[in-house]
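Peer 1: Below is a structure I'd like to ask you about.
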Amino acid sequence: MTTVPLPVNAATEIENRKAEHIRLCLEGDVQFQQLTSGFESYRFTHCCLPELDHSDINLQTTFLGKNLGAPLLISSMTGGTELARLVNTRLATVAQRYRLAMGVGSQRIALEQPHLASTFAVRSLAPDILLLANLGAVQLNYGCGIDQCLHLVNSLEADALILHLNPLQECVQSRGDTNFRGLLNKIAQICQQLPVPVVVKEVGNGISAAMAQKFIDAGVTAIDVAGAGGTSWAKVESERAKDNKQRRLGQVFGDWGLPTAECLISIRAIAPTIPLIASGGLRNGLDVAKAIALGADIAGLARPFLEAAVESEAAVDELVEVLIAELKTALFCTDNATLLELKNSGALQRVSGAH
């Protein structure tokens, strides 16, 4: 594999951007304001007498061939800085404890600055988890190919590769990579050549059913809808922008995208069996339960895990306990002992008058 090192100033810029992204996601006004994930438009039918013992509720599932203790994915967030190393370490340690899935942030920086690859390396802490490598799909037009993808998967000892899609973020980002021409064919080639599954993921603006069908036809193994309703990367890049044009672009498109619930329903309607991840604006275990009921196989959360991981490993542990308790409560109060029962129960109803 060959990598093209960036000039020192460009490499430093990427590292600084990673650090800024963490800070803005935690402290900035970068959440969707008008557009929501859509889960508030749905409500479970309460069962006043579940014929269950709460202790019998089973959240175990399998995804991409790996056993999970709960249908939870610690969504891809970060890497490339010392704070990112600490965050990834804490997240992976807890993921192993509860057998959760975990994705790392974009590993492009590890290709360009190999000494930073260790900020992503968590397999020794989490030998049994479903671990997902991550690269921006657009990088396939900027010098990355099968060799680089293989390198990222192997260096992480990952079970699958996420190719993330972020056209809006790249438009708003100063000097963003905006040549997306021909990427579908290149994604198809990676799917054919890579020995592990390929997951296509948006970054918070959603994937439509029509696009999902194209990815399925291209050979993608799983889809993470990553819909609107959580962190807006247009707003993140707007906050970082040094010029008025880019700042305004991010503000105007700050609430652009497809709500997560909408993506789930539309994709599941045309693809009943594709492994499907719900992410984008999920904030608690009730959201996870709604996502599962709408057709997701597992659900990803990012910001709640980031906030906890910056605080301490104990805070991440506490968050997982709360998420599991919330999810189990939703199953118990709808008289469902398993995730499959929940998915097939018809217990989730659209609220009358919801838009």
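Quick note: the coordinates plus some simple rules give every number you see, no bench work behind them. Source: prediction; values computed, not measured. Heads up, the Cβs are rebuilt from the backbone with ideal geometry, glycines too, and the neighbour counts pull from every protein chain shown.
Peer 1: I'd like to check which helices (runs of 4 or more DSSP H) are fully inside the range 273-355 and have at least 3 residues that are over 27 Å from LEU165 (Cα atoms) and within 20 Å of the chain's Cα centre (by Cα).
Peer 2: Filter on the range 273-355 gives 313-332.
Peer 1: Restricting attention to the range 71-113, which residues are within 24 Å of LEU286 (Cα to Cα) and among the small types (Gly, Ala, Ser)?
Peer 2: Scanning the range 71-113 gives SER75, SER76, ALA92, ALA95, ALA101, GLY103.
Peer 1: Mind listing whichever residues of the range 321-355 are over 21 Å from PHE63 (Cα atoms), surrounded by fewer than 13 Cβ atoms within 10 Å (Cβ to Cβ) and of a type in the set (D, E, K, R)?
Peer 2: ARG350 - this is the single residue of the range 321-355 that is over 21 Å from PHE63 (Cα atoms), surrounded by fewer than 13 Cβ atoms within 10 Å (Cβ to Cβ) and of a type in the set (D, E, K, R).
Peer 1: Related question: Residues that are among the polar types (S, T, N, Q) and under 22 Å from SER75 (Cα atoms): does the range 179-202 have at least one?
Peer 2: No; the residues of the range 179-202 include none that is among the polar types (S, T, N, Q) and under 22 Å from SER75 (Cα atoms).
Listed here are the residues, each with its yes/no results for (1) surrounded by fewer than 24 Cβ atoms within 10 Å (Cβ to Cβ); (2) within 28 Å of GLU321 (Cα to Cα); (3) of a type in the set (Gly, Ala, Ser).
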position	(1), (2), (3)
VAL199	no, yes, no
ASP224	no, yes, no
GLY227	no, yes, yes
ASN244	yes, no, no
ALA261	no, yes, yes
SER266	yes, no, yes
GLY281	no, yes, yes
VAL288	no, yes, no
